[in-house]
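The values are calculated or read from the model by the stated rules, or taken from the named source; none is laboratory data. Keep in mind it's a predicted model, so treat the numbers as computed, not measured. Cβ placement follows ideal geometry from the backbone for every residue including glycine, while neighbour counts extend to all protein chains displayed.
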Amino acid sequence: MKRRPACVVSADDYQLGPDVIVAMVTSQTTRRESPGLGDVVVTDWAQAGLRAPSTVRTGRLLVLEQRLLGTTLGRLSPRTMAEVDTALRAVFGLV
């Protein structure tokens, strides 16, 4: 199985259990150039520990057992995480 970066979006309290909720992260150029609903372009991708310009896809969520997660690549900036929060609200119609 190929390892891919992901953005943890579940609350700390949720992660006290065995699972974690993550949003897909893609380096696909079309997602950066024409982001859709829920897509957050990571402008400071190198500082975040990503290998290439990337987009967090908050409309593409996955629940994983925490034991399946690999090492932490880095952290998104507070500004980018605020954008992720806003995008999650938009995806779920909570705006």
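Looking at Ala82, Ala90, which one is of a type in the set (A, V, I, L, M), surrounded by 12 or more Cβ atoms within 10 Å (Cβ to Cβ) and more than 14 Å from the chain's Cα centre (by Cα)?
Numbers: Ala82 fails: more than 14 Å from the chain's Cα centre (by Cα).
Step by step, each of Ala82, Ala90 is checked, and only Ala90 is of a type in the set (A, V, I, L, M), surrounded by 12 or more Cβ atoms within 10 Å (Cβ to Cβ) and more than 14 Å from the chain's Cα centre (by Cα).
Pairs linking a residue in region 66-95 that is without any contact (Cβ under 8 Å) to a residue 24 or more places away in the chain to a residue that is part of a loop (DSSP other than H, G, I, E, B), with Cβ atoms under 7 Å and 6 or more positions apart or on different chains, are Arg89/Val95.
Any idea which of Asp19, Asp85, Asp39, Asp44 is at pLDDT 95 or above, touching a Lys or Arg at 6+ places or on another chain (Cβ under 7 Å) and acidic (Asp, Glu)?
Asp39
Applying the set (1) at pLDDT below 95; (2) in contact with a Pro (Cβ under 7 Å, 6 or more places away or on another chain) to Gln66 leaves exactly one unmet item: (1).
Give region 25-60 a look and list any residue that's among the hydrophobic types (A, V, I, L, M, F, W, C), under 19 Å from Ser77 (Cβ atoms) and touching a strand residue (DSSP E or B) at 6+ places or on another chain (Cβ under 7 Å), or say none. It would help to see each step written out before you state the result.
Of the residues in region 25-60, the ones among the hydrophobic types (A, V, I, L, M, F, W, C) are 25, 37, 40-42, 45-46, 48, 50, 52, 56.
From the residues that got through so far, the ones that are under 19 Å from Ser77 (Cβ atoms) too are 25, 40-42, 45-46, 48, 50, 52, 56.
If the condition is that a residue be among the hydrophobic types (A, V, I, L, M, F, W, C), under 19 Å from Ser77 (Cβ atoms) and touching a strand residue (DSSP E or B) at 6+ places or on another chain (Cβ under 7 Å), then Val25, Val40, Val41, Val42, Trp45, Ala48, Leu50, Val56 are the ones that fit.
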